[in-house]
Amino acid sequence: MKSRNDCEEQFKGFLSRLSSSDRVAIVHHKDGDGLCSAIVFSAGLDKVAPNTHYQFLPSTYGIFQSPHSLYRNLQAAECNKIVFLDLNVDQVPGIVKNAEVFAEEIVVIDHHKIYTSLDSDKTTFIKAQFLDSTKEPSQYPNAKLTFDLWSSAADVSAADWVCVVGIAADMGLESWKEFVENVLKRRNLSLEDIKTMKEMIAAVESVAEEKFLDMGMALKSAPDARAFMAGPWKKYLEEFERELAHWEAEFEKHALRYDEIELAILEIAPTFSIRSALSNRISQKNPHLTLVIFDLGRSDRAVFSLRRQDFQVKMNELAEKSVDGIPGGSGGGHVPVAVGSVPKAYAEQWHKNVVRVLSDDYSARHGKN
């Protein structure tokens, strides 16, 4: 396994080769942690390569099934260098290998499970495990990983409060308590301020997806946290909270419960994309439950979110095993948090797979035949 020093030297090498003629695409997961990772990364670029052009490309895990639109966007923008943030593209290595055809250099900075190495003459592959092998990667949010990596090359402390918002967005506050407290003190912020900004990002992501990039640019350009909080983004919180409250109530009334294997499944067809936020909220209240939120309402695919906060069942492995044998199925993530999707025609089969995999796991954990 690569060392922290190896990663830092590779990263500095990439930075040393940047020039004013380069166009860098920052392809980041379209969520709070991914966005904050991108802003921290761009803060570093502003320091070491101020004349290098870059742009944000928010992306979902949909690129794993259909990367062609990503390639078209990259080529249309004439980007010759690509940075992937908070996207476990090593699970589908063809995404990077195909991008190497037209990109001069690629950097992957990610905190998910390691599937395969992507290191090559063109690609620098950096995982959280390389910087700290003792920490569960889900507890090393990508914003903090990006901040730490940049700190070896440039002073990005101006973006420390954005980093903390990313940490909060990926439920990592407890793991980075000392860092968070120091930033809050230095910036004269409260934990409630951080949580408000995290929820503002989640609200825009859910109920006003078309404004996500605009909000990201506002967060990047804000001189401080209070300037961002004073912007127009807070208005989306009310609608966001109303949708979440509705589906939380539906969970209490209508979730399919398999108490013998500590499983609850809720099928939803929401007005907005609240699956991830809903999963987090319910799971935090039920940490010993394997939670499945199954979204059937927004595309030709059934999209699922998996959560379990006590680390007794690995959600990334459940996601992977549950789509095994399903054409076009995909899934992965962290131990406590995972996502994936299957064609709607296979939704019932996927449901049966989840119950079967968890039944086998429960029997193994409790010594039952």
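Restricted to the range 176-220, and to residues that are acidic (Asp, Glu) and free of Cβ contacts under 8 Å to residues at least 12 places away in the same chain, which residue is nearest to Ser138 (Cα to Cα)?
Glu178
Regarding Ser305, is this residue buried (at least 20 other Cβ atoms within 10 Å of the Cβ), more than 21 Å from Leu244 (Cα to Cα), among the hydroxyl-bearing types (Ser, Thr, Tyr) and modelled with pLDDT of 95 or more?
no
If I go through the range 44-74 residue by residue, how many of them are assigned to a helix (DSSP H, G or I), touching a strand residue (DSSP E or B) at 6+ places or on another chain (Cβ under 9 Å) and polar (S, T, N, Q)?
Looking only at that region, the number is 1.
If we scan the range 305-313, do we find a residue that is under 18 Å from Gly331 (Cα atoms) and small (Gly, Ala, Ser)?
Yes: the range 305-313 contains one or more residues that are under 18 Å from Gly331 (Cα atoms) and small (Gly, Ala, Ser).
Here are some residues: Val24, Val48, Val92, Val40. Which one is of a type in the set (A, V, I, L, M) and under 30 Å from Pro327 (Cα atoms)?
Unique residue meeting the criteria: Val92.
Please give the number of the condition Leu191 fails out of (1) crowded, with 17+ Cβ neighbours inside 10 Å; (2) over 15 Å from the mean Cα position of the chain (by Cα); (3) among the hydrophobic types (A, V, I, L, M, F, W, C); (4) closer than 30 Å to Pro287 by Cα.
(1)
Note down all Cβ pairs under 6 Å where the first residue falls in the range 145-165 and is small (Gly, Ala, Ser), the second is assigned to a loop (DSSP other than H, G, I, E, B), and they're at least six residues apart or on different chains.
No pair meets every condition.
Any residue in the range 75-95 that is more than 20 Å from the chain's Cα centre (by Cα), in a loop (DSSP other than H, G, I, E, B), in the same structural domain as Ser151 (by TED's automatic domain parsing) and on the phi > 0 side of the Ramachandran plot?
Yes: one or more hits.
Among the listed residues Glu262, Glu267, identify the single one that is on the phi > 0 side of the Ramachandran plot and buried (at least 17 other Cβ atoms within 10 Å of the Cβ).
Glu262
Somewhere in the range 239-255, is a residue touching a Lys or Arg at 6+ places or on another chain (Cβ under 7 Å) and assigned to a helix (DSSP H, G or I)?
yes
The values are calculated or read from the model by the stated rules, or taken from the named source; none is laboratory data. The model shown is predicted, which means the values in this text are computed figures rather than measured ones. Here the Cβ is made from the backbone with ideal geometry for all residues, glycine too, and neighbour counts use every protein chain on show.
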